[in-house]
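In what follows, a structure is listed as structure tokens, so that the remarks can point back to it.
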Amino acid sequence: MTDSLLSVRDFSVVYDVDPPVEAVKNVTIDIKRGEIVGLAGESGCGKTTLAYGVQRLLKPPAVISSGSVIFHDEGGDDIDINSLDAEEMRRFRWNKVSMVFQGAMNALNPVATIGSQLEDVFLVHRPGMSKAQRRAEAAELLEIVKVGAQRLRSFPHELSGGMRQRVMIAMALALRPQLMVMDEPTTALDVLVQREILKQISQLRHDFGFSVVFITHDLPLLLEISDRIAIMREGEIVELADAEQIWTNPQHEYTRQLLRSFPRLTGERGVVVR
């Protein structure tokens, strides 16, 4: 069995407008089993478009113009994601690859309880489960993400932002996927809650062995949590290296600029030259 879980080769996405916009340009990257890969870059550089594209979640006018995406299943099969039909793709998502969407903590249905929304995942993907089994699984998920089973009957407005984000992580974890894609999962959370979420993601990765693609513009955050970091600029990956190397010996000027753009807590104040 290959060490690679997801192989992306020469992957490009174009927005079919006038004139066409190349949002992702010939991206090649491998996601290894059990690792956390950070995807960093400024807003609009193509991070989310790449994540959506490899899962075939893009909507018009976005079009995959070239490239391949191969998922190396732990069962030994190589799955060509681009060749799956609609029903096969529906079964593939959440079972093999799940996603925590940007702003996901505000995506919960405000008039449905947390428990019913978690149970819906099993209702759709595990139709053979009884109601009691669905409820037990939902309760276990809330315990795993440290929200607590007592919140099954709560409505989203009764939870803090950090707790709602944990519920979304529980939902993504429900079917025990091999890869979890997280798009800005700590946006709009205060720094203390951010740290708690990051610690939990690392612990869950350790406990369940899934891989993570963590998307954010916050490079210092990625340096804390990632095994490797890919730096994107204008639709291309301009640097891909271990987090330690990105911090101590960045090779691309754009990576160095990103690192310099974040203020340090110690040292003399600098002067911004424009």
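The values are calculated or read from the model by the stated rules, or taken from the named source; none is laboratory data. This structure is a prediction, so every number in the text was calculated from the model and none was measured. Using ideal geometry, Cβ is built from the backbone for each residue, glycine included, and neighbour counts are taken over all protein chains shown.
In summary, I229 fulfils each of the numbered conditions (1) in contact with a helix residue (DSSP H, G or I) (Cβ under 9 Å, 6 or more places away or on another chain); (2) modelled with pLDDT under 95; (3) aliphatic (A, V, I, L, M) with the single exception of condition (2).
Where strands (runs of 3 or more DSSP E) fall wholly inside segment 57-123, the ranges with 2 or more residues that are among the acidic types (D, E) and either in contact with a strand residue (DSSP E or B) (Cβ under 9 Å, 6 or more places away or on another chain) or at positive phi (or both) are 78-80.
Could you list, in sequence order, the residues of segment 202-223 that are touching a Ser or Thr at 6+ places or on another chain (Cβ under 9 Å) and either of a type outside the set (S, T, N, Q) or surrounded by fewer than 18 Cβ atoms within 10 Å (Cβ to Cβ) (or both)?
Filtering segment 202-223 down to residues touching a Ser or Thr at 6+ places or on another chain (Cβ under 9 Å) leaves 205, 210, 212, 214-219, 221-222.
Scanning segment 202-223 gives R205, F210, V212, F214, I215, H217, D218, L219, L221, L222.
Looking at segment 183-194, is at least one residue modelled with pLDDT of 95 or more and closer than 19 Å to I29 by Cα? Scanning segment 183-194, I find no residue that is modelled with pLDDT of 95 or more and closer than 19 Å to I29 by Cα, so the answer is no.
I need the full set of residues from segment 163-190 which are over 22 Å from E119 (Cβ atoms) and either more than 12 Å from the chain's Cα centre (by Cα) or part of a loop (DSSP other than H, G, I, E, B) (or both), in order please.
Of the residues in segment 163-190, the ones over 22 Å from E119 (Cβ atoms) are 178-179, 181-190.
Result: Q178, E184, P185, T186, T187, A188, L189, D190.
The number of residues in segment 121-150 that are surrounded by 19 or more Cβ atoms within 10 Å (Cβ to Cβ) and under 22 Å from A188 (Cα atoms) comes to 3. If only residues of segment 72-118 that are of a type in the set (D, E, K, R) and under 26 Å from E143 (Cβ atoms) are counted, the one that is surrounded by the fewest Cβ atoms within 10 Å (Cβ to Cβ) is E74.
Just name the residue that is farthest from the chain's Cα centre (by Cα) out of those in segment 1-25 that are in a strand (DSSP E or B) and among the aliphatic types (A, V, I, L, M). Outline the logic, then answer.
Pass one, segment 1-25, residues in a strand (DSSP E or B): 4-15, 21-25.
Those still in the list that are among the aliphatic types (A, V, I, L, M) too: 5-6, 8, 13-14, 21, 23-24.
Values: L5: 15, L6: 14, V8: 16, V13: 18, V14: 21, V21: 24, A23: 18, V24: 17 Å.
Ranking the qualifying residues of segment 1-25, first place goes to V21.
Within segment 5-31, the set of residues being of a type outside the set (V, I, T), on the phi < 0 side of the Ramachandran plot and surrounded by fewer than 15 Cβ atoms within 10 Å (Cβ to Cβ) comprises R9, D16, D18, P19, P20.
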